[in-house]
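Step one of this worksheet: look at the structure below.
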């Protein structure tokens, strides 16, 4: 692990240029270009081939319909699997996507909200699951191809995405529902008098133009909630290690500064003062964005903060954040400019507008305030996405340890593509050191502060760590359920139960180290070790503040605990 961490720190240009070109081509042509294509069907839009005052003049970019279709396209795009979990930067090679290849295939593994519930609570995808997913995608396409966006076009997708959350949590999270679904609610229910459970007063047939003040104000609040909770989630000891890892991996971060991200390269690979300063500045900036944009009555101040916001998200996008959520950053920038730059008149009327729709306001406060607050203080019960705890380095995660002879049992699962080792074997030239490539992928987990609990948990998990194949839960989950994006709850105990039921591992063949994220203002990260066949093996808590003084690799008593001469359990949990 010392060699792995030093190798990661030594890289100044780790991402091949061809990979960067592939991703940015995807962002610009598929994501932005796809949105422009669907906007061209709007009644106000000129032809794609027109010029002058037509399509190439970009006058259409910040029209209301264009924003509305960007929300719909983002849901469709992410739900299809083209977004943040796609490609080699997510260890997905053959095939490069999961998404619809899994979600339209009966028999694939799923994670229902209520396991065991009749009809919808099974662990394998049924024809009903496939039909619900396909129907949502079809309704989204119908709205995208329509000349005008009306509430009656949006209501089916709003309902279906809620149903998909019940049949498979993966589908709900893959649609980035913690953001896009709430925005969809704003568009759906702002066109009429949505005052409660009684829908009789709602006008689901007109367009959204008449209620633009309401839905713009509602979306402003959604954007502000995202920024606020994303900043709040960074109030911990973890975020400096995020800056250290992301900037060292960033293709556009100055190479001359990369070694200065570490406290004492190559022997001390903890975050430096530079990394800590950047972390504090990033958190302060993210807090300032929503408050200034919401309360500013100055066009100059609003414009200045929109420029800061553009630079903030652009800096993140250019430096390859984990999971590659570049499309989300693009939409945050576009939405911020549209909502706060092109609709400044709605700022003063925000309270009055939302006061006219108390049920919609309650919905936004539930999903934009109450659930994120609960998820920050009790992260074990809420997805980090629903809690809006974005790239803060404080995630639930899992490490799956397989006996090599037991891995073939995974072939009993319905999935596309093999394990990461099998994918690399298929694409790397003969003789390439696949073991080295596999091991280097472990650096991401250990270099972050959240990886320190593994120093205490792994010796409790197995007698000889070298006798097992290490598969990170993110990579394993993406291979089995078709989507992954940093949420350890998707590749934890529920997935272990589903995999064990289908594969039938013997005791000792599969051990999973499950680490839960640190609660806001909490002191520890809890962890458990589970055996696929026999259940709980060990559990403990790791004090995080004390781990700031520990190197990413095993040293001292932690190194002794990994020694083959030391029995498992020699490292006592804190």
Keeping to segment 210-220, report how many residues are surrounded by fewer than 23 Cβ atoms within 10 Å (Cβ to Cβ) and assigned to a helix (DSSP H, G or I). 2
Here is a list: 171, 153. Which entry is assigned by TED's automatic domain parsing to the domain that holds residue 69, under 25 Å from residue 226 (Cα atoms) and assigned to a helix (DSSP H, G or I)? 171
Evaluate the following for residue 113: is it within 28 Å of residue 472 (Cα to Cα) and not in a helix (DSSP H, G or I)? yes
Taking the criterion of being in contact with a strand residue (DSSP E or B) (Cβ under 8 Å, 6 or more places away or on another chain), in the same structural domain as residue 232 (by TED's automatic domain parsing) and closer than 30 Å to residue 483 by Cβ, would at least one residue in segment 265-280 satisfy it? yes
Quickly run through segment 381-400 and pick out the residues that are over 14 Å from residue 490 (Cβ atoms), surrounded by fewer than 22 Cβ atoms within 10 Å (Cβ to Cβ) and at pLDDT 95 or above. 381
Within segment 232-250, restricting to residues that are in contact with a helix residue (DSSP H, G or I) (Cβ under 6 Å, 6 or more places away or on another chain) and outside any helix (DSSP H, G or I), the one that is surrounded by the fewest Cβ atoms within 10 Å (Cβ to Cβ) is 237
Tell me, yes or no, whether segment 174-183 has at least one residue that is crowded, with 24+ Cβ neighbours inside 10 Å, in a loop (DSSP other than H, G, I, E, B) and modelled with pLDDT under 95. no
Is it the case that residue 536 is surrounded by fewer than 20 Cβ atoms within 10 Å (Cβ to Cβ) and closer than 24 Å to residue 407 by Cβ? yes
Just to be sure I understand, how many residues within segment 483-533 are closer than 26 Å to residue 390 by Cα and part of a loop (DSSP other than H, G, I, E, B)? 14
Can you say whether residue 153 is under 19 Å from residue 331 (Cα atoms) and either at pLDDT below 95 or buried (at least 19 other Cβ atoms within 10 Å of the Cβ) (or both), as far as the supplied structure shows? no
In the set 122, 87, 107, which member is modelled with pLDDT of 95 or more, more than 19 Å from residue 163 (Cβ to Cβ) and surrounded by fewer than 21 Cβ atoms within 10 Å (Cβ to Cβ)? 107
Those residues of segment 312-354 which are at pLDDT below 75 and part of a helix (DSSP H, G or I) amount to 345, 346, 347, 348, 350, 351, 352, 353, 354
Can you name the residue in segment 90-104 that is outside any helix (DSSP H, G or I) and under 18 Å from the mean Cα position of the chain (by Cα) and is also modelled with the lowest pLDDT among such residues? 91
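Yes/no matrix, rows are residues, columns are (1) outside any helix (DSSP H, G or I); (2) modelled with pLDDT of 95 or more; (3) under 25 Å from residue 8 (Cβ atoms); (4) outside the structural domain of residue 239 (by TED's automatic domain parsing):
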residue: 374; (1), (2), (3), (4): no, yes, no, no
residue: 421; (1), (2), (3), (4): no, no, yes, yes
residue: 429; (1), (2), (3), (4): yes, no, yes, yes
residue: 466; (1), (2), (3), (4): no, no, yes, yes
Any chance you could count how many residues in segment 291-311 are surrounded by 21 or more Cβ atoms within 10 Å (Cβ to Cβ) and either within 21 Å of the chain's Cα centre (by Cα) or free of Cβ contacts under 8 Å to residues at least 40 places away in the same chain (or both)? 2
Name the helices (runs of 4 or more DSSP H) wholly within segment 1-80 that hold at least 2 residues that are at pLDDT 95 or above? 33-39, 64-80
Given the condition over 19 Å from the mean Cα position of the chain (by Cα), within 19 Å of residue 419 (Cα to Cα) and modelled with pLDDT of 95 or more, answer yes or no: does some residue in segment 544-566 qualify? no
Kindly provide the set of residues from segment 312-350 that are more than 24 Å from the chain's Cα centre (by Cα) and under 21 Å from residue 66 (Cα atoms), ordered by number. 340, 341, 342, 343, 344, 345, 346, 347
Go through (1) over 18 Å from residue 542 (Cβ atoms); (2) assigned by TED's automatic domain parsing to the domain that holds residue 500; (3) in contact with a helix residue (DSSP H, G or I) (Cβ under 7 Å, 6 or more places away or on another chain); (4) not in a loop (DSSP other than H, G, I, E, B) for residue 459 and report which single condition fails. (1)
Take residue 96 and tell me if it is more than 24 Å from residue 423 (Cα to Cα) and surrounded by fewer than 21 Cβ atoms within 10 Å (Cβ to Cβ). no
Applying the selection to segment 438-456, what residues are assigned to a helix (DSSP H, G or I) and touching a strand residue (DSSP E or B) at 6+ places or on another chain (Cβ under 9 Å)? 438, 439, 444, 445, 447, 449, 450, 451, 453, 454, 455, 456
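The values are calculated or read from the model by the stated rules, or taken from the named source; none is laboratory data. Keep in mind that this is a model prediction, so the values were computed, not measured. So basically every Cβ, Gly included, is an ideal-geometry build from the backbone, and we count neighbours across all protein chains shown.
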